[in-house]
Amino acid sequence: MEERAFLEGPHSRLSELWFLIRVMWGFLYGFRKLHFVGPLVTVFGSARTEEGSPYYQDARKVGGELAKMGFGVMTGGGPGIMEAANRGA
């Protein structure tokens, strides 16, 4: 619902300020949650990369090496490169 209101166009300055405060609070909340996770590497990549691809295999190796070094591996959870990094870790 908030997205629909945002996309409708300009609103009063007060309502836009309130929307901004809610977005900033969401960012702050997320950053505070991740603060306690520990060392973490985020892996982004194509969701269209097939499992047999050399890039898929490389991402799987990178995920495994990061995990061995003590890093958490965070991805979008989709298929392709992100799946490979998760499987490697």
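The values are calculated or read from the model by the stated rules, or taken from the named source; none is laboratory data. The structure presented is a predicted model; accordingly, all values stated were derived computationally and were not measured. When we count neighbours, we look across all protein chains shown, and the Cβ atoms used for this are built from the backbone with ideal geometry, even at glycine. For accessibility, only protein heavy atoms count, side chains too; no ligands or nucleic acids. Shrake-Rupley method; radii C 1.70, N 1.55, O 1.52, S 1.80 Å.
Within segment 35-48, is there a residue that is open to solvent by 100 Å² or more (accessible area, probe 1.4 Å), assigned to a helix (DSSP H, G or I) and either touching a helix residue (DSSP H, G or I) at 6+ places or on another chain (Cβ under 8 Å) or modelled with pLDDT under 90 (or both)? Yes, that holds for at least one residue.
Across segment 5-34, what is the number of residues that are closer than 20 Å to Val73 by Cβ and open to solvent by 100 Å² or more (accessible area, probe 1.4 Å)?
Step one: list which residues in segment 5-34 are closer than 20 Å to Val73 by Cβ, which gives 30-31, 33-34.
After this cut, where a residue has to be open to solvent by 100 Å² or more (accessible area, probe 1.4 Å) as well, the list is 31, 33.
Of the residues in segment 5-34, 2 are closer than 20 Å to Val73 by Cβ and open to solvent by 100 Å² or more (accessible area, probe 1.4 Å).
For segment 49-78, filtered to residues that are among the polar types (S, T, N, Q) and assigned to a loop (DSSP other than H, G, I, E, B), the residue that is surrounded by the most Cβ atoms within 10 Å (Cβ to Cβ) is Thr49. Assess whether Glu2 counts as being open to solvent by 50 Å² or more (accessible area, probe 1.4 Å), modelled with pLDDT of 90 or more and in contact with a helix residue (DSSP H, G or I) (Cβ under 9 Å, 6 or more places away or on another chain). Spelling it out, it is not the case that Glu2 is open to solvent by 50 Å² or more (accessible area, probe 1.4 Å), modelled with pLDDT of 90 or more and in contact with a helix residue (DSSP H, G or I) (Cβ under 9 Å, 6 or more places away or on another chain).
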